[in-house]
Each structure stands twice: as structure tokens, then as C-alpha cells.
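The values are calculated or read from the model by the stated rules, or taken from the named source; none is laboratory data. Remember, predicted model here, so these are calculated numbers, not experimental data. All Cβ positions, even for glycine, are placed from backbone atoms using ideal geometry, and neighbour counts span all protein chains on display. Side chains are part of the model used for accessible areas, which takes the heavy atoms of the whole protein and leaves out ligands, DNA and RNA. Shrake-Rupley method; radii C 1.70, N 1.55, O 1.52, S 1.80 Å.
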Amino acid sequence: MYKVICSAIVLCLVLQTHTTLPPCSGLLRYSEKAMEHIFQAQIFQLQDSLSNIAVTDVLPSATLDIKEINIQTADILQISTQLIPSFGVHVSVNADLNLTAKVVDEVVDMRVLAEIISKVQILQDFSGNPKLSIKSCNAQIKELQVTPETTRLEALKTQIAIILNQKLCLISSDVLLGLNVHLGEFNGFVNMGALIQIKYFLSSSPTVTSHQIEFGFNVDFYLLGKPLDISARRKCVPLPTLTSTGISEYSLLLPEDLFNAMFSAMEWAGAFNLDISGHQGEGTNKLTTGTLRSVNPEIPEIYPENLPIILKVGMNRTPRVTLHKDMFMLYLQPSVELMVMMPQDKPYESLLVVSMDAQMKISVKIKESKLATEYVLLNREVKLSLETSAFGSINLEELEKIIVPLLKDALAFHYKNALGVGWTMPNLFSLKILNPFLSINEGYAVVSGNLLIPV
């Protein structure tokens with residue numbers, strides 16, 4: 001029985017770097033360990049691609065007449081990576097290759113230790129996707145065991161290395177470039193509810209340090225497929241510097257500006273508008289023209305029949321969010337129009353319009369690679385300001401007593417549902433995030449976690 005000999009397949013990712021931070025909406029970071037996982041996900045494909053391969057286009061040699069080489073099996077045992085600051089990544093793949101070769105009219109069995117050194121550059125394509133490009137490749141045979149034994153081992157080793165060089169490079173390059181399938185999905189449309197779509201794209205080529213690779217990205221927003229003129233681009237906020245032992249495999253920084261852009265897109269889609277009539281979550285609208293007697297006595301006189309009141313909520317200004325330590329605050333300035341539901345399908349009649357300042361505390365959770373709202377709470381008392389009225393004076397204190405409890409329940413219920421559609425987080429290599437954790441800080445939020453290798 002032969003001793004198992006491992007081959008080392010070494011890949012070098014060459015990354016273009018920059019000294020200044022470009023305009024971007026967020027940062028996506030993969031650690032050195034994450035890069036190892038990314039290549040480990042290619043193990044089975046590499047094994048399959050290297051197995052049952054025949055090399056028949058063999059050039060004649062002056063010392064040996066090798067007519068054909070067959071790679072019978074390939075056992076990839078381990079993949080490890082090392083980041084090289086301002087340069088790239090070395091990826092070592094350890095494998096055991098079992099070959100047969102036809103030398104003259106004799107078939108020999110071999111196990112080899114091969115080293116394939118590839119230089120791969122990661123670029124930014126025209127659409128903003130990252131893209132891998134093979135720059136160079138060279139394969140060497142480090143060790144060789146042959147059955148039956150031969151005195152021409154060194155000559156055989158040299159000739160096998162020449163023959164396998166192109167084939168091993170071609171196969172490993174094809175497998176590596178297969179990652180471009182996942183990278184090409186980065187710039188695809190991501191649905192955020194029924195009306196809004198978002199697209200991620202890189203703002204520049206990545207940067208690399210001894211611990212991580214960082215990708216600056218921007219986000220474009222669309223409403224029913226049409227682009228919205230919303231921008232969150234600014235100078236990138238750097239992710240916190242971490243030690244090699246404290247860094248997460250996957251880290252995503254989302255600045256406050258990006259959340260504001262997202263809420264602006266939701267406002268365009270009407271996500272913050274609602275009509276309060278009948279049942280609304282935990283509250284029930286029992287408002288009628290009769291219940292507004294204390295607000296203005298003219299109302300029940302003009303509408304002697306007790307008619308239902310509809311509350312139509314819209315936005316006066318774009319919602320604004322601020323991020324604080326462990327706190328996510330949303331500021332809204334809705335306008336509320338009170339309208340009478342007339343009998344016999346007649347048009348609604350407007351009574352008055354008030355505006356309000358609403359400050360809401362939002363709890364955000366991570367579920368299935370999405371950021372989604374868990375609950376929404378009004379953080380302070382709501383005060384109303386009169387905008388227009390079809391009558392004389394309005395008793396705002398009485399109006400607040402009547403409609404504010406209803407508004408608080410209805411708004412919290414509606415905004416929780418509106419924000420609960422989920423925001424799919426960017427992930428370059430489509431690996432599942434294991435045990436993700438959300439950290440909210442002053443001005444930005446960070447999602448961190450490890451990556452799960454598909455089995």
C-alpha cells in the first residue's frame with residue numbers, strides 16, 4: 001500500500017488597492033478565514049473536475065515515450081488561505097492525485113504531489129460586479145511514486161510535470177472562475193416588498209490587509225423597475241479596526257445615510273401612507289361626526305346623521321432615521337386628514353388636516369439574510385398642529401384625546417408591517433451567514449457573523 005501523498009494547489013488573488021476611501025453607501029468585509037471557506041466550497045467541484053481526466057495530446061520526448069496520462073482520482077484534503085497586504089491571497093489546496101500513464105507499451109500507476117501557482121486578479125466589471133480574472137498559472141510536480149518502480153523516475157517526473165502543467169492549470173482555473181457565477185449575482189435586482197427593488201454595485205476595486213478584504217458598495221433604488229433619484233453615497237465610513245483574533249468572517253457596515261435612503265424609497269412607494277377605517281391592528285376606529293362635538297360643535301350640526309370618520313395619513317416630509325448606541329430612532333411628520341364618509345356613495349368630505357411629529361423606536365432583527373423590523377414603539381407623546389379646517393376654531397386638546405390613541409396603535413401596527421418586508425443583505429459569494437449579530441452604533445450599524453460551508 002502506498003503512503004498518501006498530498007498535493008498543494010496555491011492560488012494568489014491579486015487585488016487592486018487604493019489609499020483614499022471612495023464614495024460609497026456601505027462596506028462589505030470578508031476575513032482571511034472567510035476566504036478559506038469560500039474556496040473550501042469549491043472542493044467537491046475541483047475533485048470532480050480533476051477525476052477521470054485523460055490527456056492524450058502528448059508531445060513526444062527525447063527520453064521517454066509517454067503516450068497517454070489518465071488522472072483517475074483526486075482527493076482534496078484541505079484548503080487554507082493567507083492574505084498578503086496590498087497584494088492578494090495565497091490559497092493552498094492539499095490533494096492526493098492518483099494517475100496512470102502509458103509509457104511505450106507499459107502502463108504505470110502514480111501518486112503525485114503537485115503545486116499549482118495561479119495569479120488571479122479581482123476586478124470591477126462594467127456593471128459594478130466583482131470579477132475574477134486569471135493572470136498566470138504554473139504547475140509543478142513535487143513528488144512522484146511509481147508502480148512498478150523504474151530507474152527513470154526523474155525523467156518521468158520531469159515529463160509528467162510538462163504534460164500536466166497545462167491541464168492542471170486549465171482545470172483549476174475553470175473551477176476558480178466558476179465563482180464568477182456567484183459574483184455576477186451581486187448586481188442583480190433584490191426585491192424589498194412588492195414595489196421597491198434595490199441593486200448593489202461596487203464603488204471601486206477592493207482593499208486588502210493582513211486580516212480582511214473590504215469592498216465598498218453603493219445601492220440604487222427602483223420603484224416598479226424605474227430608477228429613483230435617491231443617493232446615499234458619501235465617503236465610506238470605515239469598519240471598526242479589529243485584531244486578527246476578534247474579526248468576524250463576514251462583516252457588513254450600513255451607515256445612517258443608507259437607512260435614510262431606504263426610507264426615502266419606501267416613502268416614494270407610499271409605504272408610510274394609510275387609511276384608518278374600521279379595524280387597524282389592535283385599535284378600532286369608532287370615530288363619527290358625533291364624537292367630534294367637543295372638537296367643534298358645528299360638526300354634528302352640519303352632519304346631523306352620525307357618519308363615520310376616515311383618517312387618511314400621508315407624509316409631509318421624508319422619514320429620517322438616526323442610529324445611536326443600541327437604538328434605532330425613526331422620525332416621521334405625517335399629516336392626518338379627517339374625512340366624512342358620506343352616505344349613498346357620495347364623495348368624502350374633508351373636515352380638517354392636522355400634522356404631527358412622531359418619534360418611533362424600532363427593533364430590527366436578522367432573519368434569513370434579511371434585516372427586518374421586529375417591533376415599532378412610539379417613543380414620546382404625540383402633539384398635533386392644525387394645518388387646515390373647514391370650520392372655525394378647533395379644540396386641539398380635545399382632538400388629541402380622541403384621535404391620538406387611535407393613531408398611535410394604527411401607526412405602530414402599520415409601520416411594523418411596512419418595515420417588516422425585510423432588506424436582503426449583500427453577500428458576494430452566496431454563502432449562508434451563521435449566527436449573524438446586529439450591532440447598532442452612533443451613525444452606523446454592523447452585521448457580523450461567520451459563514452456556513454455548504455456540505
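Please verify whether I171 is in contact with a helix residue (DSSP H, G or I) (Cβ under 6 Å, 6 or more places away or on another chain) and in a helix (DSSP H, G or I), treating the condition exactly as stated. Spelling it out, I171 is indeed in contact with a helix residue (DSSP H, G or I) (Cβ under 6 Å, 6 or more places away or on another chain) and in a helix (DSSP H, G or I).
Across the stretch 418-437, what is the total count of residues that are of a type in the set (F, W, Y) and open to solvent by less than 60 Å² (accessible area, probe 1.4 Å)?
2
What's the total number of residues in the stretch 183-212 that are outside any loop (DSSP other than H, G, I, E, B) and at pLDDT 85 or above? Number of matching residues: 12. The listed residues are L311, L323, and the only one of them that is within 25 Å of P405 (Cβ to Cβ), in contact with a strand residue (DSSP E or B) (Cβ under 7 Å, 6 or more places away or on another chain) and either of a type in the set (V, I, T) or surrounded by 14 or more Cβ atoms within 10 Å (Cβ to Cβ) (or both) turns out to be L311.
Within the stretch 104-120, the residues that satisfy the criterion of being farther than 15 Å from I160 by Cβ and open to solvent by less than 30 Å² (accessible area, probe 1.4 Å) are S118, V120. Does A101 satisfy being closer than 30 Å to A34 by Cα, touching a strand residue (DSSP E or B) at 6+ places or on another chain (Cβ under 8 Å), hydrophobic (A, V, I, L, M, F, W, C) and in contact (Cβ under 8 Å) with a residue 40 or more places away in the chain? Answer is no for this residue.
Within the stretch 345-363, does at least one residue satisfy the condition of being surrounded by fewer than 14 Cβ atoms within 10 Å (Cβ to Cβ), of a type in the set (D, E, K, R) and within 37 Å of the chain's Cα centre (by Cα)? No, the stretch 345-363 contains no residue that is surrounded by fewer than 14 Cβ atoms within 10 Å (Cβ to Cβ), of a type in the set (D, E, K, R) and within 37 Å of the chain's Cα centre (by Cα).
The rows are residues; the columns are (1) at pLDDT below 85; (2) farther than 28 Å from F189 by Cα; (3) polar (S, T, N, Q).
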| site | (1), (2), (3) |
| --- | --- |
| D105 | yes, yes, no |
| D109 | no, yes, no |
| Q121 | yes, no, yes |
| D125 | no, no, no |
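Within the stretch 142-156, the set of residues being part of a helix (DSSP H, G or I) and crowded, with 17+ Cβ neighbours inside 10 Å comprises L156 only.
Considering only residues in the stretch 349-380 that are in contact with a helix residue (DSSP H, G or I) (Cβ under 6 Å, 6 or more places away or on another chain) and not hydroxyl-bearing (S, T, Y), the one that is nearest to V447 (Cα to Cα) turns out to be V376.
From the residues in the stretch 391-400 that are touching a residue at least 12 places away in the same chain (Cβ under 8 Å) and not polar (S, T, N, Q), which one is surrounded by the fewest Cβ atoms within 10 Å (Cβ to Cβ)? Among those residues, the one meeting the criterion is G392.
Inclusion of A410 among residues that are closer than 17 Å to L371 by Cα and either in contact (Cβ under 8 Å) with a residue 60 or more places away in the chain or not β-branched (V, I, T) (or both) is not warranted.
Give, as residue ranges, the strands (runs of 3 or more DSSP E) completely inside the stretch 312-427 that count at least 2 residues that are farther than 28 Å from F215 by Cβ. Working first, answer last.
Numbers: elements: 320-324, 327-332, 334-340, 349-356, 358-367, 370-378, 384-389.
Those strands (runs of 3 or more DSSP E) span 327-332, 334-340, 349-356, 358-367, 370-378, 384-389.
With the structure loaded, tell me whether V336 is among the β-branched types (V, I, T) and either more than 45 Å from the chain's Cα centre (by Cα) or surrounded by 18 or more Cβ atoms within 10 Å (Cβ to Cβ) (or both) or whether it fails that test.
Values: among the β-branched types (V, I, T): yes; either more than 45 Å from the chain's Cα centre (by Cα) or surrounded by 18 or more Cβ atoms within 10 Å (Cβ to Cβ) (or both): yes.
Against the criterion (among the β-branched types (V, I, T) and either more than 45 Å from the chain's Cα centre (by Cα) or surrounded by 18 or more Cβ atoms within 10 Å (Cβ to Cβ) (or both)), V336 qualifies.
Quick one: count up the residues across the stretch 375-390 that are touching a residue at least 24 places away in the same chain (Cβ under 8 Å) and open to solvent by 30 Å² or more (accessible area, probe 1.4 Å). Give the derivation first.
Of the residues in the stretch 375-390, the ones touching a residue at least 24 places away in the same chain (Cβ under 8 Å) are 375-379, 382-390.
If we keep only those that are open to solvent by 30 Å² or more (accessible area, probe 1.4 Å) too, we end up with 375, 377-379, 383, 385-390.
Within the stretch 375-390, residues that are touching a residue at least 24 places away in the same chain (Cβ under 8 Å) and open to solvent by 30 Å² or more (accessible area, probe 1.4 Å) number 11.
Can you name every one of the strands (runs of 3 or more DSSP E) wholly within the stretch 3-97 that holds 2 or more residues which are at pLDDT 85 or above, open to solvent by 50 Å² or more (accessible area, probe 1.4 Å) and of a type outside the set (G, A, S)? Steps first, answer last, please.
Numbers: elements: 7-15, 26-31, 53-55, 66-84.
Qualifying strands (runs of 3 or more DSSP E): 66-84.
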